[in-house]
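Novice: Sharing a structure, written as structure tokens. Questions coming.
The values are calculated or read from the model by the stated rules, or taken from the named source; none is laboratory data. Everything quoted here is computed from the prediction, not taken from an experiment. Cβ placement follows ideal geometry from the backbone for every residue including glycine, while neighbour counts extend to all protein chains displayed.
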Amino acid sequence: MWWSMPEAGFLARVEKGGTVSSIVRAVTGEMRAEYGLFAIAGVVEGCLDSSALLELEPPDGPADRFAAGRDGLIIQTAHLRNLHEIHGRIERWDGPPSIDPWEELWTGRLFVGPELVGVAAWTAGHSLALKFDLGQGETTWTARVATKILQTEEEVDFPQAIAQVELFKIQLWT
């Protein structure tokens, strides 16, 4: 289930070179990443634009966690368990957001033709987990994907990370 943040009540302010960037809108929620992979691309007729992902080979290891094309991304989670939940957030900013302590997986340019961008499990047949209205189409965005893992502390006589959650932020700005 994904939910939207109220646009009027929540603004993140960032000081950068005398300018302040703000979140224009954001959506946060959870999804399942089958085989540890999920995709980000424009949404056409209620589905991810498959043509944006056809040219991409999925990432294949801990050192290679993303595959980026002109208009789509495939992201690999840190843990390759089959069909596990991750929590994500897509943010549209009015300028460059600040760098935070999360692990940066990728920063680059991403073209999105339609106004909607989506997130879904990478394998075919999965429904869209998230639709996010960017407010403008036919735009090349600067994008950053960052991740963070939250886990329980070690406890004597118990396995490490009994509970573990993987978080992703996808930040877009022009």
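Novice: If we scan the stretch 65-76, do we find a residue that is surrounded by fewer than 16 Cβ atoms within 10 Å (Cβ to Cβ) and at pLDDT 75 or above? Don't jump to the end; show me each part of the working.
Specialist: Our first condition is that a residue be surrounded by fewer than 16 Cβ atoms within 10 Å (Cβ to Cβ); within the stretch 65-76, this holds for 70.
Next, from what is left, pick out any that are at pLDDT 75 or above: 70.
Yes; the residues of the stretch 65-76 include at least one that is surrounded by fewer than 16 Cβ atoms within 10 Å (Cβ to Cβ) and at pLDDT 75 or above.
Novice: Out of the stretch 135-174, which residues are among the polar types (S, T, N, Q) and in contact with a Ser or Thr (Cβ under 9 Å, 6 or more places away or on another chain)? Steps first, please.
Specialist: The first filter runs over the stretch 135-174 and keeps only residues among the polar types (S, T, N, Q), leaving 136, 139-140, 142, 147, 151-152, 160, 164, 171, 174.
Hits for the stretch 135-174 are 136, 139, 140, 142, 147, 160, 164, 171, 174.
Novice: On the given criteria, is residue 127 surrounded by fewer than 15 Cβ atoms within 10 Å (Cβ to Cβ), touching a residue at least 24 places away in the same chain (Cβ under 8 Å) and small (Gly, Ala, Ser)? Give the steps one after another, and end with the answer.
Specialist: Details: surrounded by fewer than 15 Cβ atoms within 10 Å (Cβ to Cβ): yes; touching a residue at least 24 places away in the same chain (Cβ under 8 Å): no; small (Gly, Ala, Ser): yes.
No, not satisfied.
Novice: Just to be sure before I move on: is residue 110 at pLDDT 95 or above and either surrounded by 15 or more Cβ atoms within 10 Å (Cβ to Cβ) or among the hydroxyl-bearing types (Ser, Thr, Tyr) (or both) in the structure I sent?
Specialist: Numbers: at pLDDT 95 or above: yes; either surrounded by 15 or more Cβ atoms within 10 Å (Cβ to Cβ) or among the hydroxyl-bearing types (Ser, Thr, Tyr) (or both): yes.
The answer is yes for residue 110.
Novice: Still on this model: Of everything in the stretch 109-141, what is under 13 Å from the mean Cα position of the chain (by Cα), farther than 18 Å from residue 54 by Cβ and not charged (D, E, K, R)? Give them in sequence order.
Specialist: Of all residues in the stretch 109-141, those under 13 Å from the mean Cα position of the chain (by Cα) come to 110, 117-122, 129-132.
Of the ones still in play, those that are also farther than 18 Å from residue 54 by Cβ are 129-132.
Scanning the stretch 109-141 gives 129, 130, 132.
Novice: Now for a different question. Give, as residue ranges, the strands (runs of 3 or more DSSP E) completely inside the stretch 17-62 that count at least 2 residues that are of a type in the set (Lys, Arg) and surrounded by fewer than 20 Cβ atoms within 10 Å (Cβ to Cβ).
Specialist: Strands (runs of 3 or more DSSP E) meeting the threshold: 23-33.
Novice: Mind checking which residues of the stretch 102-124 are polar (S, T, N, Q) and in contact (Cβ under 8 Å) with a residue 40 or more places away in the chain?
Specialist: Residues of the stretch 102-124 polar (S, T, N, Q): 107, 123.
123, the sole residue that qualifies.
Novice: Let me ask something else. Residue by residue through the stretch 136-156, note down the ones that are surrounded by fewer than 12 Cβ atoms within 10 Å (Cβ to Cβ) and touching a strand residue (DSSP E or B) at 6+ places or on another chain (Cβ under 7 Å).
Specialist: If the condition is that a residue be surrounded by fewer than 12 Cβ atoms within 10 Å (Cβ to Cβ) and touching a strand residue (DSSP E or B) at 6+ places or on another chain (Cβ under 7 Å), then 150 is the only one that fits.
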